[in-house]
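Read through the structure below, which is laid out as structure tokens, and then see the notes.
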Amino acid sequence: MKLTARQVETVKPQDKDFKLSDGGGLYLLVKTTGSKYWRLKYRIAGKEKLLAIGTFPLITLAEARRKRDEAKKLIAEGIDPNQDKKQKKLAAQGEISNTFESIAREWFEGRKDRWSVGYREDMMDAFEKDVFPYIGHRPIAEIKPLELLDLLAIMEKRGVTDKLKKVRQRCGEVWTYAIITGRAEYNPAPDLASAFIPHQREHYAHLSVDELPEFLRSIDKYMGSQIVRTALRMLILTGVRPGELRKAEWSEINLDKAVWTIPAEKMKMRHTHIVPLSEQVIDLG
């Protein structure tokens, strides 16, 4: 006799687990705890097997019957419903792990030790702000050139053309990695190079020899932080980058030997950098 929705809803647990049959191999397993599980008993290739369909009330009686009928069709075609269920689960997991963001992070983790801390932080910041919100959730093999073009166009409108070029190149490296690892077949990034006006690099402003004395006097007259005044003089006397000075640590500086050793992980080219310290620099301390 077939079950009714009312019967499934109101059935109470007993001292032992028991089953309520709905026909066609489908039954409701009622546990002593009160939990209710839909199960389908079937035979394939001469073997009896059991398919877990779901729990009540998440799966209603009508839904359980529909899933039973779908399983019966698979069995008629010689397909094991349990194997089909596993394959669909693996396919769903594959879609998640094959998104642009997941592959980009995987690529990044395998290469980040090659770059300085500042460089890799800037790179991931660009991915998280300019790329992932637009195509990060998409399976990388399904992303069309137009989708990448659209996000790069947004950067172009902001006027960050130098950053745009770097983002396009890094996206291209992610696609190359995906192709090598069998998760993509085409890299759209290189084809978009000609779609944007090349970045026009501007020369940094500089001081002439005649302007230096007045510049140094202006530093002495600076009424702000003593730290900023000292940092400006150190930049002039050492020639390091602002970021290298900003991230300097006392453990890197040897006043007795008058040297500042910047570790490789802080340098863009990943080489330790030795900075001689003049008497003027030491006197600043």
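The values are calculated or read from the model by the stated rules, or taken from the named source; none is laboratory data. Every value quoted in this text rests on a predicted model; they were computed, and no experiment measured them. Cβ: placed from backbone, ideal geometry, glycine included. Neighbour counts: every protein chain shown. Note: areas computed on protein heavy atoms with side chains; ligands, DNA, RNA excluded. Shrake-Rupley method; radii C 1.70, N 1.55, O 1.52, S 1.80 Å.
Determine, yes or no, whether Ile53 is open to solvent by less than 50 Å² (accessible area, probe 1.4 Å) and part of a loop (DSSP other than H, G, I, E, B). In short, no. Take the conditions at pLDDT below 90, surrounded by 15 or more Cβ atoms within 10 Å (Cβ to Cβ) and among the β-branched types (Val, Ile, Thr) and apply them to Val160. Does it pass? Considered against the rule, which asks whether it is at pLDDT below 90, surrounded by 15 or more Cβ atoms within 10 Å (Cβ to Cβ) and among the β-branched types (Val, Ile, Thr), Val160 comes out as yes. Scan the range 15-56 for residues that are at pLDDT below 90 and more than 21 Å from Asp80 (Cα to Cα) and the total you get is 0. Just wondering, is there one or more residues in the range 62-83 that are in a loop (DSSP other than H, G, I, E, B) and either at pLDDT 90 or above or within 30 Å of Glu185 (Cα to Cα) (or both)? No, there is no match, as no residue in the range 62-83 is in a loop (DSSP other than H, G, I, E, B) and either at pLDDT 90 or above or within 30 Å of Glu185 (Cα to Cα) (or both). The residues on offer are Arg183, Arg170, Arg111, and the sole one that is within 21 Å of Ser97 (Cα to Cα), among the charged types (D, E, K, R) and not in a helix (DSSP H, G or I) is Arg183. When Leu284, Leu255 are checked against the criterion of being open to solvent by 70 Å² or more (accessible area, probe 1.4 Å) and farther than 23 Å from Ser116 by Cα, Leu255 stands alone in meeting it. So the check is Cβ under 6 Å with 6+ separation or different chains; which pairs have a first residue in the range 205-217 that's part of a loop (DSSP other than H, G, I, E, B) and a second one that's among the aliphatic types (A, V, I, L, M) and at pLDDT 75 or above? Close Cβ pairs (under 6 Å, with a partner that is among the aliphatic types (A, V, I, L, M) and at pLDDT 75 or above) do not exist here.
For the range 174-184, the set of residues classified as modelled with pLDDT of 90 or more and either buried (at least 16 other Cβ atoms within 10 Å of the Cβ) or touching an Asp or Glu at 6+ places or on another chain (Cβ under 9 Å) (or both) consists of Val174, Trp175, Tyr177, Ala178, Ile179, listed by residue number.
Taking the stated definitions as given, is Gly118 modelled with pLDDT under 90 and under 36 Å from the mean Cα position of the chain (by Cα)? Taking the combined requirement at face value, the residue satisfies it.
Taken over the range 244-273, residues that are over 19 Å from Leu284 (Cβ atoms) and not aliphatic (A, V, I, L, M) amount to 8.
Number of residues in the range 24-50 that are buried (at least 16 other Cβ atoms within 10 Å of the Cβ) and touching a residue at least 40 places away in the same chain (Cβ under 8 Å): the value is 3. Residues in the range 232-267 that are closer than 30 Å to Ser218 by Cβ and either among the aromatic types (Phe, Trp, Tyr) or assigned to a loop (DSSP other than H, G, I, E, B) (or both): Gly239, Val240, Arg241, Lys247, Ala248, Glu249, Trp250, Leu255, Ala258, Trp260. Annotation note: of Glu202, Glu249, Glu211, Glu279, the sole residue that is out of contact with any Ser or Thr (no Cβ under 7 Å at 6 or more places or on another chain), open to solvent by 40 Å² or more (accessible area, probe 1.4 Å) and at pLDDT below 75 is Glu202.
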